[in-house]
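Here the structure comes first, spelled out in structure tokens, and everything after it is commentary.
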């Protein structure tokens, strides 16, 4: 009998070990082209109150994703030069593990809601976003995303919908918003619609200039711009080229024309997608591209005493861990424990006017409160 029990125990152990090995995906990446990072001014250079906020969200970017990019870039990133750091707790109102819609809503409104909801509360009532509050006070506003501009994270700053899947309804929420510039994919949700509306025609009636590429808009220096760079989502990096850094720079150059100030949200969407795919190269290349977009924000902040730059994530994706690497060679080996999101805290980096407010450990909703305080709203 003891032999039978021992045999069964051994069989179960081997089976569990085999399952565990199957569920942990391990793969490596070497970065042959590290980018240079900025030297930042000391924070004493900045004023206490922010006139401009540039809020960058690395979707799915936890500490492992950040450190994998640090390793691949030979030990340094633009975001890691930022002097103030903290951690955000990412839970939603309905789940210990948030999705991007609820995660984005917590950051954009200061309220937690149910997974899948976009800037609405648990009763599906609209909650004002920081973008909308900024616009109501006369500030310029903008959104940039490497995915569709109607995807969950950018949508949570401008749309009020009960389900993130309602992308045609989300696109319609841009009409009448008076947002100054938005850049991302999602062209088809503005033109190929079940209701027959052509939202680009409606935007043009609201005095928007509309474009299908950044190159087409290169000579436009002012005005309201809608730049829809793909039918649905943009390509992954490196296929899409420098779209995200270039779009960030374009948005800043348009928004800075407003003398009162501006709010800009930039999303590096596909760090999350690399986590879902359990693909180290995918994660790292997207994180490095996101860091190059961060450089555009920091360059502007370095020249402007009233700008606050914040980088964080809505959640972590993939349960990523780092098992090996070589900083001198830009080599990284990542492991993933799941295909979905996790509930761990995510990092927050801040630089510029009011950046000292972002240290510590706090709820995702506190990021909104700290931005409002930095503006003096």
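Annotations for the structure displayed:
- For the stretch 348-366, the set of residues classified as at negative phi and either free of Cβ contacts under 8 Å to residues at least 12 places away in the same chain or touching a strand residue (DSSP E or B) at 6+ places or on another chain (Cβ under 6 Å) (or both) consists of 348, 349, 350, 351, 353, 355, 356, 358, 359, 361, 363, 364, listed by residue number.
- The stretch 162-175 - residue that is buried (at least 24 other Cβ atoms within 10 Å of the Cβ) and touching a helix residue (DSSP H, G or I) at 6+ places or on another chain (Cβ under 6 Å) and, of those, nearest to residue 117 (Cα to Cα): 164
- All positions within the stretch 110-124 that are touching a residue at least 40 places away in the same chain (Cβ under 8 Å) and either under 16 Å from residue 315 (Cα atoms) or in a loop (DSSP other than H, G, I, E, B) (or both): 110, 111, 112, 116, 117, 118, 119
- Positions within the stretch 79-90 being crowded, with 18+ Cβ neighbours inside 10 Å and part of a loop (DSSP other than H, G, I, E, B), in sequence order: 82, 90
- Residues of the stretch 297-311 satisfying the condition of being in contact with a helix residue (DSSP H, G or I) (Cβ under 9 Å, 6 or more places away or on another chain) and surrounded by 24 or more Cβ atoms within 10 Å (Cβ to Cβ): 297, 298, 307, 308, 309, 310, 311
- Residue pairs meeting the criteria (Cβ under 7 Å; at least 6 apart or on separate chains; first at negative phi and surrounded by fewer than 13 Cβ atoms within 10 Å (Cβ to Cβ), in the stretch 319-333; second modelled with pLDDT under 95 and outside any loop (DSSP other than H, G, I, E, B)): 323/26
- So residue 93, is it touching a residue at least 12 places away in the same chain (Cβ under 8 Å), out of contact with any helix residue (DSSP H, G or I) (no Cβ under 6 Å at 6 or more places or on another chain) and either surrounded by 18 or more Cβ atoms within 10 Å (Cβ to Cβ) or not in a helix (DSSP H, G or I) (or both): yes
- Counted residues, the stretch 24-44 - those being within 20 Å of residue 289 (Cα to Cα) and part of a loop (DSSP other than H, G, I, E, B): 10
- Evaluation of residue 129 against (1) on the phi < 0 side of the Ramachandran plot; (2) touching a strand residue (DSSP E or B) at 6+ places or on another chain (Cβ under 8 Å); (3) crowded, with 18+ Cβ neighbours inside 10 Å (one fails), failing number: (2)
The values are calculated or read from the model by the stated rules, or taken from the named source; none is laboratory data. If you're wondering where the values come from, they're calculated on a predicted model, not measured in any experiment. Cβ sites come from the backbone with ideal geometry, for glycine too, and all protein chains shown count toward neighbours.
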